[in-house]
Amino acid sequence: MERVYANRKFIVIGLFLVIGLAYVIRLFFIQIVADKYVLSANNNVLRYITQYPARGLVYDRYGKLLVYNEAAYDLMVIPKQVKNVDTAELCRLLEIEKKDFVERVEKARNYSPYRPSIFESQITRENYGYLEEKMFRFPGFFVQPRTLRKYTYPIAAHTFGYIGEAGPEVIEINPYYKSGDYIGISGVEKSYEEQLRGKKGMKIRVVDVLNRDKGSFQGGKYDTIAYTGTDLYSSLDADLQAYGEQLMAGKKGSIVAIEPSTGEILCIITSPSYDPNLLVGRIRRTNYTKLLEDSIMVPLFNRALMASYPPGSTFKVVDALVGQQVGVLTPETRYFCPGGFPLGNGKKVACHSHFSPLDLRQSIQHSCNTYYCRVFKSIIDKRPFTSTRAGYEIWRNLVMSLGFGHKFGIDIPGELNGNIPSSNYYDRYHGKNRWTSMAIISLGIGQGEIGITPLQMANLAALISNRGFYYTPHIIKAIGKKDNLNKEFLVKHVCGIDPQYFPIVVEAMHDVMEAGGTGFASRVDGIEICGKTGTAQNPHGKNHSIFISFAPKDNPRIAVAVVVENAGFGATYAAPIATLMIEKYINREVKRKDVEQSMISGNLLNKGKVIDQ
Amino acid sequence: MRERHSVFEHIDWWLVIIFLLLVVMGWLNIYAAVYDENHGSIVDMHVKYGKQMAWILAGLFLGLIVLLIDGKFFSQFAYLIYIFCILLLIAVIFTGKEISGSKSWFQFAGIALQPGEFAKMGTALALAKFLSKNETDIRKRKELFVAICLILFPSVLIFLEHDTGSAIVFFSFIFVLYRAGLSEKLVIGFVLVPLLAVLSLLINKFIILGFLFIIALFFFLYSKRKIRNIILISLVYLGSAGFVFSVDYAVNHILEPHQRVRVNVLIGKEIDLKGAGYNVNQSLIAIGSGGAWGKGFLKGTQTKYNFVPEQSTDFIFCTVGEEWGFAGSFVVVGLFIALLIRIILVAERQRSRFSRFYGYGVASIIFFHFMINIGMTLSLIPVIGIPLPFFSYGGSSLWAFTLLLFIFIRQDSYRYELL
Ligand SMILES: [Zn+2]
C-alpha cells in the first residue's frame, strides 16, 4: 500500500542533494573566494618576535667607555594564562597596588587575551633578581630582555642626550620604528640615531592556542638577525669634562673647549646640568618632568649651544682683525682715550683708566673701549663705501666668516645661530638708511643686539690660534672604527681675514696674560696662554663674565671659551676657570689649588635671581 | 555454510566501500588533529588515534557479527532491543557519569559508552517494526500518536541527560513517517515551526503577530466561511501566537545563559568573537584557510595547535577543510551524500516493509548528524555537539553508526532469503 508513496523518495533524495550542494557552495566561498581566513589563520599561529640589538657604545678620546648598555627586563603578561598568581607577592615586588594589577591585566586583556602585553617595563637588573626567583608563582607572566642606557660618569648629559620610546608621530613617518621601540630624542643619541640603533631582527615563531611556542616558522626561513649598533668614538676628554662641570658647580654658564687643529670638541659644559642616569628607563618620565618644570635652574637648557650672549670686550679682537682687513687699522694706529667715547648728545661710552694713547697691541691688552669705538666707526664710515649700510655689510660679512651669526652644523642637535643683526634690521628699527655708525657704535665693543653662543666664542679662539681657519666643531670623531673619520669634519674653513693680520692679535692676547694685562692674575707658569676677557652687560642682572683663550701660543692644543653668568668682570671668574681648564688639559693636573678651590666654591646662583625681582 | 555464503554474495558493496572510506578518512584526520612530532607510534593507546584504531577494528568485528546473525533476528527482536535501550537510558540518568556537562555516559572497564548513541538504532528498529505491521496506517491519529511516542520517549530521556544534540536527532525520524504516508501538511508544518521559532527571536513579537493575523485573514477570506473553518483558523492563529511567546520565553528564561548566547550568535543577534562565537569563528578560519587544495596532511596549524575546539570530535571536519582544502571537503560531503542516496535506493528495493523503513531510519539519522555537524563547522547551524558519523573520534558513536549501517546491510542481503 505504501508503494503509493514510493515517489516520496525523490523528495528525500532531493533534500539530501540540496543540503549537500548548499554546503559545497558555502565551502567554495570560504575556501576559494574569501581570503580573509588565510590572514586570520596566520594571525592565529604566527608570532613576529622582534630581536632588539644592543645600542652602540660611546667612548671618550682616550678610549674610556662613557655610554653603555645594561640589561633591563620588561615583565610581559598573557592574560589568558594568568592563573593562581600570587598577586600580593607580585604587587609587593613591583611596588604597585592591587588595583593597578587588576587594571593592567584588564588593559592587556582588552588588547588580546592570548598575546603578550607589557605589564611593567624596564625593570632593573637588581629588581629582576628578586623577581626571577619567584617567577614560577606568577603563571601567565614572563620576562623579555631589553637594554637600558647607562653612563659611566654623571657628565655631559646635554651632549649624550637620551633615548625614549618612539612616539606615534615618528612611527607614522618612519616605518623602521614600531610601538615600543627606542629612539634617540636629544643629543648624540639623536644625531647618530641611525648608527647607534643597529638593525632590528625578526623571528617568526609558531604558537598554539595558549601561545605556547611550537618552534620556528618553516625552519626559520624568514627570520632575520639583529645587528648591534655601531660604537662611536667621541672627541670628548672625560676628565676635562668632569673637571669643567666641577668648576661650574653653583654657577650658570658654559665652557667649551676645542682642539684647534681638528675642530674636535674636548669638552662642552653647560651649567646647571643633571646626571644623565636620571633620564633612563622607568624613572625617565618623572625625572624629565621635574627637570622640565625647574624654571629657575632650567637644567635641560643646553647653554653651550643655545644661549646667546653679547660677547663684550672679547669681541675687540674681531674688530682688530676686521679693521686691518678693511684697511683702516695698522699695528701703529693710535687713538687717544679721554676716558670714553663721546656719543655727541652728552653721553659717552665709558672707558676705564689707562695710559693713552694706545696702539693696536696695547688696545687689546688694556681693552680700551674708545679705541674700538673709533675702529668700528672707521670701518663703517670708510669711503669709498657708498653708505653706512654698505660699510656695515662689509663688516658683517667679515664677522660672519669668523663663524658668527650662523650654525656650524655641529653633530649635537639644538645649535642656535646667534645674532649678527642684518642691515634690514636697522632699517626697520631706525628707518631705511636713517642710521649712522654712531647709532650702532656699541657693536664695536661687543654690546647691543649682537648675540654669540659659547660654542661660537670657543671657535673664535680656535680660529685665531690657527691664524685664520677653523674646522667645524664636532663631538664624534669616528664611527665604528677609530680611523673612520667623518669627512664633513675634515673640511678646512678659511675666514675672510688674511693670515698676515693675525700675529699682532695673537701677541696682544698673549700680553693680556702678562703683567699689566686683564688676565694676568690667571696666568699659568710654563704655558703660554693667549686670552681676552669680556664683560657682557646684562639687562637682567649683574654682568656676565666672559673669557676666550687658547694655548700654547704656538702650535695651539686647546681653545677655550668660558661664560659665567652674573659673575661680573671677565677676569674674576671666566679667566681663572678657562686657564684652569687649559692647565688641566695640557699638564693633566692643576697646581694652582687655591684658584681651583675658590672657583669651585664660588656660588653665584642667586645673583641673577635677586636682581630679577 | 550455505547461509554464510549467501550473506557475502548479496551484501551491498557500495555501502561497505563508502563506509570503509569514511572510517579511514576519519581516522587519518583524527591522527592529523592530535598529531604531535613527539608521538611516533600510531598504535599508542594513550593517544586518540591509537584508541580510535582499536575502536575501528572492534567496530568492524561487530559489523561482521551482525552480518552473520540470522536475518530475522532484528525484525523479531526490534521491540526488545528498543526496550533494552530505554532501560539503559533510564539507568544512566541515575548511575551515569557526567562528562563535559552531559550525564549520559556509562563507564566500565575503562571505556565510556553513551547509550544515547545506541538508542537511535533501537528506535529505528522499533519504528520500522511498528510501521511494517500490515494494519498500521500512519494517517490515523491513534497510530501516528503511537509512532510519535516511540520516537519522543528516548528523545526526552536523552534530553534529561543534558545531551540536547542527540535528543534533537530523533526529530529526523520525520522522514520515516513521511515515507510511511504522513500527510504533507504535517511535514510542512514541521518545517515551518522552526522557521517561526527563529523569526520570533529575530523580529519583534508583535510584528510577527500582525503578519500572522494578515495571513489568518487571508485564509479566512478565501476559505468557505463555515463556523468550523473560522474556529480552526482562530485556533491555529492563537496557537501560533502562543508558540511565538513561548519560544521567546524558553530562550530567555529556560535555556542556560551559554546556550542562549549560542542561539543569539547563530541567528546573528550577537557578534562575540572571544566567547561563544569564538568556536564558530575559529572553525571558519581553519576551514577557510585550507584554500582549494589544503595545507597538506599534518600541515594544518589551526587544528594542530588547538585553535579549533573539540577538533577530533565535533569539529573534525575543520581538519578536513584545513589540510585537504576544498577538494577534500568536496570529497567528504560527496561521500556522505552518495552514502545517503545509496541507502535510500537500497531501502526502496526492499520487499520487506521493515527493512525499507529501517533503511529510511538509518538515512535520516546519518543525514541529521551530517547536516548539523558540518553545518555547525560552516557556521550555518548553531553549535550543537553531535559527532560526524564514522569520522568523529569516539567509540560509542563509531560502534553505534557501524551497527546501524551493518544491520541495514544485513537486512538488504537477507532480501533474497525472503523468497
Ligand atoms: Zn680707553
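The values are calculated or read from the model by the stated rules, or taken from the named source; none is laboratory data. As the structure is a prediction and not an experimental result, all values here were calculated from the model. Note that each Cβ is placed from the backbone with ideal geometry, even for glycine, and that neighbours are counted across all protein chains shown. Surface accessibility is based on the protein's heavy atoms, side chains included, excluding ligands, DNA and RNA. Shrake-Rupley method; radii C 1.70, N 1.55, O 1.52, S 1.80 Å.
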Taking only the stretch B:305-322 into account, find how many residues are open to solvent by 10 Å² or more (accessible area, probe 1.4 Å) and more than 7 Å from every other protein chain (Cβ to nearest Cβ).
5
Any residue that is modelled with pLDDT under 95, within 10 Å of another protein chain (Cβ to nearest Cβ) and under 17 Å from the mean Cα position of the chain (by Cα) - is there at least one of those in the stretch B:380-397?
yes
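The rows are residues; the columns are (1) assigned by TED's automatic domain parsing to the domain that holds residue A:146; (2) modelled with pLDDT under 80.
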{"position": "A:174", "(1), (2)": "yes, no"}
{"position": "A:179", "(1), (2)": "yes, yes"}
{"position": "A:184", "(1), (2)": "yes, no"}
{"position": "A:194", "(1), (2)": "yes, no"}
{"position": "A:204", "(1), (2)": "no, no"}
{"position": "A:207", "(1), (2)": "no, yes"}
{"position": "A:212", "(1), (2)": "no, yes"}
{"position": "A:218", "(1), (2)": "no, yes"}
{"position": "A:245", "(1), (2)": "no, no"}
Please tell me if residue B:56 is modelled with pLDDT of 95 or more, within 24 Å of the chain's Cα centre (by Cα) and within 23 Å of residue B:370 (Cα to Cα).
no
Has the stretch A:288-301 got any residue that is within 16 Å of the ligand (Cβ to nearest atom) and part of a helix (DSSP H, G or I)?
no
Answer residue from the stretch B:348-365, given it is assigned to a helix (DSSP H, G or I) and surrounded by fewer than 24 Cβ atoms within 10 Å (Cβ to Cβ) and is farthest from the other protein chains (Cβ to nearest Cβ) among those
B:354
Flag for residue A:424 being outside any strand (DSSP E or B), in contact (Cβ under 8 Å) with a residue 40 or more places away in the chain and either within 25 Å of residue A:306 (Cα to Cα) or open to solvent by 10 Å² or more (accessible area, probe 1.4 Å) (or both)
no
Checked the stretch B:384-404 for anything surrounded by fewer than 24 Cβ atoms within 10 Å (Cβ to Cβ), among the hydrophobic types (A, V, I, L, M, F, W, C) and in contact with a Leu (Cβ under 8 Å, 6 or more places away or on another chain); matches are B:399, B:403
Considering the stretch B:285-304 alone, what residues qualify as being surrounded by fewer than 24 Cβ atoms within 10 Å (Cβ to Cβ) and either small (Gly, Ala, Ser) or facing another protein chain (nearest Cβ under 8 Å) (or both)?
B:291, B:292, B:294, B:296, B:301
Do you know which residues across the stretch A:317-340 are farther than 21 Å from residue A:390 by Cα and either among the hydroxyl-bearing types (Ser, Thr, Tyr) or open to solvent by less than 60 Å² (accessible area, probe 1.4 Å) (or both)?
A:317, A:330, A:331, A:333, A:335, A:337, A:339, A:340
Inspect all residues belonging to the stretch A:216-238 and state whether any of them is within 14 Å of another protein chain (Cβ to nearest Cβ), in contact with a Leu (Cβ under 9 Å, 6 or more places away or on another chain) and farther than 29 Å from residue A:163 by Cβ.
yes
Please find, among A:308, A:313, the residue that is more than 14 Å from chain B (Cβ to nearest Cβ), within 13 Å of the ligand (Cβ to nearest atom) and out of contact with any Cys (no Cβ under 8 Å at 6 or more places or on another chain).
A:313
So, residue B:325, is that one surrounded by 22 or more Cβ atoms within 10 Å (Cβ to Cβ), in a helix (DSSP H, G or I) and facing chain A (nearest Cβ under 9 Å) or not?
yes
Return yes or no: is residue A:361 within 28 Å of residue A:499 (Cα to Cα), assigned by TED's automatic domain parsing to the domain that holds residue A:533 and in contact with a Pro (Cβ under 7 Å, 6 or more places away or on another chain)?
yes
Per the filter on the stretch A:353-373, residues among the polar types (S, T, N, Q) and either surrounded by fewer than 17 Cβ atoms within 10 Å (Cβ to Cβ) or within 9 Å of the ligand (Cβ to nearest atom) (or both) are A:353, A:356, A:363, A:367, A:369, A:370
Among the residues of the stretch A:394-401, is any surrounded by 15 or more Cβ atoms within 10 Å (Cβ to Cβ), more than 16 Å from the ligand (Cβ to nearest atom) and either of a type in the set (Lys, Arg) or outside any helix (DSSP H, G or I) (or both)?
yes
Pairing a residue in the stretch B:213-236 that is at pLDDT 80 or above with any residue that is open to solvent by 100 Å² or more (accessible area, probe 1.4 Å) and part of a helix (DSSP H, G or I), where Cβ atoms lie under 6 Å and the two sit 6 or more apart in sequence or on different chains, gives B:233/B:219
Within the stretch B:153-172, residues over 18 Å from residue B:367 (Cα atoms) and open to solvent by 40 Å² or more (accessible area, probe 1.4 Å) come out as B:153, B:156, B:159, B:160, B:162
Tell me, yes or no, whether the stretch A:358-367 has at least one residue that is without any contact (Cβ under 8 Å) to a residue 12 or more places away in the chain and part of a helix (DSSP H, G or I).
no
Considering the stretch A:329-352 alone, what residues qualify as being in a loop (DSSP other than H, G, I, E, B) and near the ligand (Cβ under 8 Å from one of its atoms)?
A:337, A:339, A:351, A:352
Scan (1) under 30 Å from residue B:134 (Cα atoms); (2) surrounded by 14 or more Cβ atoms within 10 Å (Cβ to Cβ); (3) more than 8 Å from chain B (Cβ to nearest Cβ) for the single condition residue A:51 breaks and write down its number.
(1)
Of the candidates A:188, A:206, A:170, the one satisfying the condition of being within 14 Å of chain B (Cβ to nearest Cβ), open to solvent by less than 40 Å² (accessible area, probe 1.4 Å) and not in a loop (DSSP other than H, G, I, E, B) is A:206
Condition check: closer than 19 Å to residue B:79 by Cβ, under 21 Å from the mean Cα position of the chain (by Cα) and open to solvent by less than 40 Å² (accessible area, probe 1.4 Å). Does residue B:175 satisfy that?
no
Entirely in the stretch A:57-162, the helices (runs of 4 or more DSSP H) that have 2 or more residues that are aliphatic (A, V, I, L, M) and open to solvent by less than 70 Å² (accessible area, probe 1.4 Å):
A:87-94, A:98-111
